[in-house]
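For reference, the structure is listed below as structure tokens.
Readers should treat all values here as calculations from the given coordinates under stated rules, not as data from a laboratory. Everything quoted here is computed from the prediction, not taken from an experiment. A quick note on method: Cβ atoms are made from the backbone with ideal geometry, for glycine too, and the neighbour counts reach across all protein chains shown.
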Amino acid sequence: MKTYFKDFILEQTGKYVTVYYKIIINDLKDNPKTLITDFKIITSEDKKNTIKAKGYTIDNIGGYVKKKVWIAFDDFKDDKTRIVWNKQIENGTKRIKVYQ
């Protein structure tokens, strides 16, 4: 019973936004898993960059039933870095449902 209530609450708190991304990271099946909207390059090597970024990523939530949702992240506040390849840098837009 708790799982259904939690899913109901999550359905109510999500909202659709249009994201203008600068970097897109895809999974092995070529589905987007991370959309980076703002970034700062820390180091740059041959074909990869170490960056701090803001954006949205897909994450699993839920108890018994796994549900993938878009969640905002901020590496500037968390003091984390990410590695991206030069071929992942592309501008675009995507409409996603974001949960808080």
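For segment 48-54, just list the computed ³J(HN,Hα) in residue order, Karplus coefficients 6.51, -1.76 and 1.60, θ = phi - 60°, integers in Hz, with x standing in for Gly and Pro.
Ordered by residue, 3J(HN,Hα) equals 10, 10, 9, 10, 10, 9, 10 Hz.
How far apart, in nm, are two points set 7 Å out from the Cα along the Cα-to-Cβ line at V17 and at A72?
Distance between label points: 0.4 nm.
With θ taken as phi - 60° and the coefficients 6.51, -1.76 and 1.60, list the Karplus ³J(HN,Hα) couplings across segment 78-87 in order, rounded to whole Hz; mark glycine and proline as x.
7, 6, 10, 10, 10, 10, 10, 8, 4, 6
Provide the per-residue ³J(HN,Hα) series for segment 89-100, in order, calculated from phi with Karplus coefficients 6.51, -1.76, 1.60 and θ = phi - 60°, each as a whole number of Hz, with x at glycine and proline positions.
Here the 3J(HN,Hα) series is 7, 7, 8, x, 10, 8, 9, 10, 9, 9, 10, 10 Hz.
Tell me, in nm to one decimal, what length is gained between T50 and D79 on full extension, where the rule is 0.36 nm per residue of separation less the Cα-Cα distance? Don't jump to the answer; show the numbers that get you there.
Values: separation 29, 0.36 × 29 = 10.44 nm, distance 1.27 nm.
Extra length from T50 to D79 when fully extended: 9.2 nm.
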